[in-house]
């Protein structure tokens, strides 16, 4: 999200962020208004993904050109509403002209803004979106490999949003993958308890510095300044848990490891 001409402009990622954690959206809105400062983020992993993503997108564009497709490139020449309207108009004109491919097509309705990597023509005034973006994070199984140990779950039904709950657990597993040694096991457990379910990710990474346990679940907080990432993963986990009427936390064992947990009511 950003302000231009006093108007708030939103994107699809803002909507996704709100669904994941409304509190983070409030923080982002406050930063957009200049009420708080955005923290500096140093995430080599995301920088690497961004670089590979740019190369992947360029390779996709080159493939269209080499295949003899007519490609129209939409250039947004500024960050004002007039610039977005102009880019949208150019996108519509390219569609009406019958271009095979439209690169960086602008989608704008006055408040919501988005850019499609490619629009590919499949019929008269009929285009499909082609997204070449790379995933921003690897799957936990790929990150942990044989280190991941999963206990057999108890029999029962968990009443929860499966996508959000999966995201919360993946965030916990990725947190363990990033902050523990490459040869120590990470355990994933599900326990049935009175009134709900408890999901646990236990690591042997040395634990969390004493006194920082609660801080880790606040937006943009990390265990140390040298930690990779944006400091959002655990805040999102707590937001998802609370959206289900549950809670999230950790059992810290300084010098030994930590068990991060999410409780979802039945």
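Testing residue 184 on (1) within 25 Å of the chain's Cα centre (by Cα); (2) farther than 23 Å from residue 17 by Cβ, one condition comes back false. Which one is that?
With respect to (1) within 25 Å of the chain's Cα centre (by Cα); (2) farther than 23 Å from residue 17 by Cβ, residue 184 is out only on (1).
If you take the residues in region 120-140 that are at pLDDT 65 or above, assigned to a loop (DSSP other than H, G, I, E, B) and exposed (fewer than 12 other Cβ atoms within 10 Å of the Cβ), which one is nearest to the chain's Cα centre (by Cα)?
Here the residue is 133.
When region 168-216 is examined, which residues are found to be part of a helix (DSSP H, G or I) and crowded, with 17+ Cβ neighbours inside 10 Å?
Within region 168-216, 168, 169, 170, 171, 172, 173, 174, 175, 176, 177, 179, 216 qualify.
Name every residue in region 1-28 that is at positive phi and either in a helix (DSSP H, G or I) or touching a residue at least 60 places away in the same chain (Cβ under 8 Å) (or both), in order of residue number.
Selection gives 5 alone.
Looking only at residues that are part of a helix (DSSP H, G or I) and at pLDDT below 85 in region 29-51, which one is nearest to residue 81 (Cα to Cα)?
The extreme case among them is 50.
Take the residues in region 237-256 that are in contact with a helix residue (DSSP H, G or I) (Cβ under 9 Å, 6 or more places away or on another chain) and under 15 Å from residue 176 (Cα atoms); name whichever of them is modelled with the lowest pLDDT.
The qualifying residue modelled with the lowest pLDDT is 237.
Can you name every residue in region 108-117 that is over 21 Å from the mean Cα position of the chain (by Cα) and either farther than 23 Å from residue 4 by Cα or part of a strand (DSSP E or B) (or both)?
Correct list: 108 only.
The values are calculated or read from the model by the stated rules, or taken from the named source; none is laboratory data. Just so it is clear, the structure is predicted and the values come from calculations on it, not from any experiment. Quick reminder, even Gly has a Cβ in these numbers, built from the backbone with ideal geometry, and neighbours come from all protein chains shown.
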